[in-house]
Amino acid sequence: MATPPLHEKILIVDFGSQVTQLIARRVREEGVYCEIVPFNRAEEAFWAMQPKAVILSGGPSSVLDKDAPLAPPSIYEAGVPVLGICYGEQAMAQQLGGAVEAGHHREFGRAEVTVTEDTPLFEGVWRKGEKYPVWMSHGDRVTKLPDGFRVVGTSPNAPIAMIADEKRKFYATQFHLEVVHTPHGAALLRNFVRKIAGLKGDWTMRAFREEAIEKIRAQVGKGRVICGLSGGVDSAVAAVLIHEAIGEQLTCVFVDHGLLRLGEAERVVALFRDHYNIPLVHVDASETFLKALEGVEDPEVKRKTIGKLFIDVFEAEARKVGGAEFLAQGTLYPDVIESVSFTGGPSVTIKSHHNVGGLPERMNMKLVEPLRELFKDEVRALGRELGLPDVFVGRHPFPGPGLAIRCPGAITREKLDILRLADAVFIEEIRRAGLYDDIWQAFAVILPVKTVGVMGDFRTYDYVVGLRAVTSTDGMTADFYPFDMRFIGHVATRIINEVKGVNRVVYDVTSKPPGTIEWE
């Protein structure tokens with residue numbers, strides 16, 4: 001990735017923690033540009049970026065393992081502030097002459113630390129002698145300090161839980177200060193970024209917008225760009241940004257796969273064709289998609305079927321447009337991070353839950369990805385900066401395969417129609433109650449079962465609709481929204497009365513770990 005040359009930067013060395021992205025989000029919240037780079041590419045990235053500070057992430061490894069991941073020694077020798085988090089503390093201690101012991105006193109989850117010394121990392125946040133809640137996730141622990149360090153905090157199972165070398169501006173914590181479960185963690189990170197590293201916070205959405213427009217113009221020149229609209233926030237913001245840069249050189253293609261929410265296609269067409277006057281090709285391919293999905297029950301097969309068809313339809317429409325050299329995509333920074341992750345794992349399967357697949361190499365087009373440096377919340381901020389209506393950029397996330405993953409079991413037109421109406425009622429009532437912006441994502445699901453019920457003087461045999469609403473600060477984990485049950489009762493009554501084919505409504509009150517916020 002080409003880093004913004006005009007801004008102060010922080011390099012985050014990734015050792016494989018599932019919450020490394022949260023470190024970057026906290027740094028970005030301070031108006032400071034940062035990038036996450038796997039440890040085995042950190043040397044190259046450090047000299048290319050010339051960062052003002054470095055943060056070492058957590059990770060699942062042990063520094064005692066053979067070939068354990070470590071930071072490049074040049075980072076410690078460059079004279080820039082360094083902050084180690086969890087595994088990052090252990091790596092820093094081990095590399096600088098301290099010692100780490102294999103864990104017999106593990107700490108996972110909520111814990112408490114005691115501040116034993118004052119330090120700039122704690123200034124205005126924590127006080128000497130006080131205890132504070134934190135989030136731990138470690139088996140090994142530091143048992144010997146490197147030269148120049150002192151202990152500034154302890155925990156019951158990690159006597160060396162926080163360390164500092166003020167002369168070199170090296171700091172480390174055994175706990176994860178990037179997660180919301182460490183209540184003062186963001187303030188401690190702010191101290192590192194602002195007070196210790198001395199960064200001003202010069203990275204704003206206005207600056208990003210201006211710089212991105214210049215980059216797009218320089219890349220595209222007088223060429224033509226084609227952009228696939230999904231109806232979601234990411235592709236919409238990318239399209240408006242590119243249109244602002246090159247105007248009529250952009251053509252958008254909106255493929256309606258028949259799995260959108262109620263009125264979704266009409267809203268997209270009205271916004272782009274009528275409001276922004278962006279050249280738009282609207283393709284109603286719903287019959288093609290629904291026919292291909294007949295009888296398909298496996299969720300992964302559904303996604304792959306939708307992805308392949310989407311590519312085929314989009315490619316056919318791109319050929320009709322003709323003359324386009326560039327393909328615009330709403331790629332975000334989490335996509336970039338996952339594509340270079342050294343840990344591998346199930347991320348590809350998890351991502352297929354949300355996306356409909358990439359485009360084939362045979363299209364032979366150059367990519368324009370103006371959002372690849374941004375997180376989701378930053379994309380929303382950019383959308384507002386570009387003047388997109390808040391009702392659009394503030395919408396809850398919607399997966400690429402659409403309602404297909406909210407319709408477990410076989411998909412039929414009848415079930416999709418029921419689902420759309422039930423979902424519309426749920427969202428309407430959430431908005432009416434003023435709760436929409438308090439909820440990260442809310443939606444309805446039509447379950448693959450029917451139940452016997454009594455409505456008035458009649459027995460019914462109809463579908464069950466599930467409702468889901470979650471709170472989340474980052475999309476990594478989620479907890480159910482604690483509605484007043486009178487609200488749920490009101491919504492259920494409306495759905496049963498207004499949506500033919502439903503005789504029972506349930507509310508999902510489970511919490512979800514990373515990657516499983518949707519139903520399937």
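What about Gly223, is it more than 23 Å from Lys52 (Cα to Cα) and either open to solvent by 10 Å² or more (accessible area, probe 1.4 Å) or modelled with pLDDT of 95 or more (or both)?
no
For Val179, state whether it is open to solvent by 10 Å² or more (accessible area, probe 1.4 Å) and over 17 Å from Thr119 (Cβ atoms).
Yes: the conditions hold for Val179.
Starting from the range 386-401, keep only residues that are among the basic types (Lys, Arg), then list their pairs with residues that are surrounded by 20 or more Cβ atoms within 10 Å (Cβ to Cβ) and assigned to a helix (DSSP H, G or I) whose Cβ atoms are within a distance under 7 Å, requiring at least 6 positions of separation or different chains.
Within 7 Å, the pairs are Arg395/Val233.
Listed residues Phe310, Phe254, Phe272, Phe289; which is open to solvent by 10 Å² or more (accessible area, probe 1.4 Å) and under 30 Å from Ala422 (Cα atoms)?
Phe310
Take Ile496 and tell me if it is assigned to a loop (DSSP other than H, G, I, E, B) and surrounded by 13 or more Cβ atoms within 10 Å (Cβ to Cβ).
When the stated conditions are applied, Ile496 does not pass them.
State which residue pairs qualify: first residue more than 11 Å from Val255 (Cα to Cα) and inside the range 274-286, second residue open to solvent by 100 Å² or more (accessible area, probe 1.4 Å) and of a type outside the set (Phe, Trp, Tyr) in any location, beta carbons under 8 Å apart, and separation of 6 or more residues or different chains.
If the second residue must be open to solvent by 100 Å² or more (accessible area, probe 1.4 Å) and of a type outside the set (Phe, Trp, Tyr), the pairs left are Pro279/Glu248.
Here is a check on your reading of the model: is Arg206 of a type in the set (D, E, K, R) and more than 20 Å from Phe314 (Cβ to Cβ)?
When the stated conditions are applied, Arg206 passes them.
Residues in the range 331-353: is at least one closer than 24 Å to Ile411 by Cα, modelled with pLDDT of 85 or more, of a type in the set (A, V, I, L, M) and part of a helix (DSSP H, G or I)?
Looking for residues that are closer than 24 Å to Ile411 by Cα, modelled with pLDDT of 85 or more, of a type in the set (A, V, I, L, M) and part of a helix (DSSP H, G or I), one finds none in the range 331-353, hence no.
So the check is Cβ under 6 Å with 6+ separation or different chains; which pairs have a first residue in the range 88-99 that's under 10 Å from Leu70 (Cβ atoms) and a second one that's open to solvent by less than 10 Å² (accessible area, probe 1.4 Å) and in a helix (DSSP H, G or I)?
none
Across the range 69-90, what is the number of residues that are open to solvent by less than 20 Å² (accessible area, probe 1.4 Å) and either of a type in the set (Phe, Trp, Tyr) or in contact with a Ser or Thr (Cβ under 9 Å, 6 or more places away or on another chain) (or both)?
9
Please note which helices (runs of 4 or more DSSP H) are completely contained in the range 31-116 and include at least 2 residues that are among the polar types (S, T, N, Q).
87-95
Somewhere in the range 147-160, is a residue open to solvent by less than 20 Å² (accessible area, probe 1.4 Å), closer than 22 Å to Ala111 by Cα, of a type outside the set (S, T, N, Q) and out of contact with any Lys or Arg (no Cβ under 8 Å at 6 or more places or on another chain)?
yes
Are any residues in the range 257-269 open to solvent by 40 Å² or more (accessible area, probe 1.4 Å) and not in a loop (DSSP other than H, G, I, E, B), and if so, which ones?
Across the range 257-269, the qualifying residues are Glu266, Arg267.
Tell me the residue from Val301, Val313, Val368 that is modelled with pLDDT of 85 or more and within 23 Å of the chain's Cα centre (by Cα), please.
None of the others qualify; the one that does is Val368.
Select from the range 379-419 the residues that are within 15 Å of the chain's Cα centre (by Cα) and among the basic types (Lys, Arg) and write down the one among them that is surrounded by the fewest Cβ atoms within 10 Å (Cβ to Cβ).
Arg395
The values are calculated or read from the model by the stated rules, or taken from the named source; none is laboratory data. It should be emphasised that the depicted structure is a prediction, and the values quoted were computed from it without experimental measurement. Counting neighbours? That spans all protein chains shown, and the Cβs are built from the backbone with ideal geometry, glycine included. Heads up: the accessible areas ignore ligands, DNA and RNA and are worked out on the full protein's heavy atoms, side chains in. Shrake-Rupley method; radii C 1.70, N 1.55, O 1.52, S 1.80 Å.
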